[in-house]
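The next block holds one structure in the form of structure tokens; read it before the comments.
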């Protein structure tokens with residue numbers, strides 16, 4: 001059994017899994033909007049947007065915690081693999097923030113009605129073409145994020161079942 005000191009602290013673990021869960025749910029919603037009946041789409045889009053705002057708050061708190069109080073663990077890998085791991089984590093953070101930024105910009109163009117009562121005002125009138133272009137870019141960046149996150153998960157599983165080195169256990173609670 002891995003001692004508590006070999007694990008990340010509970011707040012870091014919570015931020016990690018909240019981030020992962022929000023990304024998966026938002027990506028699935030984004031992929032299924034067009035399959036929904038038209039009358040349900042605004043509600044599902046509202047959930048998607050509100051989760052995006054929640055994820056932005058989580059990420060800001062997560063980065064702040066990372067620099068102010070998070071438990072620091074020794075690198076799981078050294079050399080080239082260690083450098084790749086650090087680079088992957090930085091790229092994941094960048095992709096999350098990029099996806100959120102493009103999504104928020106898209107929302108500022110669309111001006112959706114959220115949950116039927118919160119109205120966002122578009123920053124540019126008649127920006128339909130720009131909105132369509134940003135919608136495509138938001139989806140593209142989100143797909144890239146999910147691919148990277150999937151690769152990250154595969155490496156964690158590889159550590160668990162092939163290397164059997166306890167790296168995955170560092171991010172599991174309890």
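Pull up the range 47-80, narrow it to residues that are in contact (Cβ under 8 Å) with a residue 12 or more places away in the chain and more than 17 Å from the chain's Cα centre (by Cα), then point me to the one that is nearest to residue 167 (Cα to Cα). Among those residues, the one meeting the criterion is 76. Against the numbered list (1) loosely packed, with under 12 Cβ neighbours inside 10 Å; (2) touching a helix residue (DSSP H, G or I) at 6+ places or on another chain (Cβ under 9 Å); (3) within 16 Å of residue 26 (Cβ to Cβ), residue 157 comes up short only at (3).
Filtering the range 58-86 to residues that are exposed (fewer than 11 other Cβ atoms within 10 Å of the Cβ) and at pLDDT 95 or above leaves 67, 68. Of the residues examined, residue 145 is not one that is assigned to a helix (DSSP H, G or I), surrounded by fewer than 16 Cβ atoms within 10 Å (Cβ to Cβ) and either modelled with pLDDT of 90 or more or out of contact with any helix residue (DSSP H, G or I) (no Cβ under 6 Å at 6 or more places or on another chain) (or both).
The values are calculated or read from the model by the stated rules, or taken from the named source; none is laboratory data. Here the structure is a predicted model, which is why all the values come from computation and not from measurement. Note that we place each Cβ from the backbone using ideal geometry, even for glycine, and neighbour counts take in every protein chain shown.
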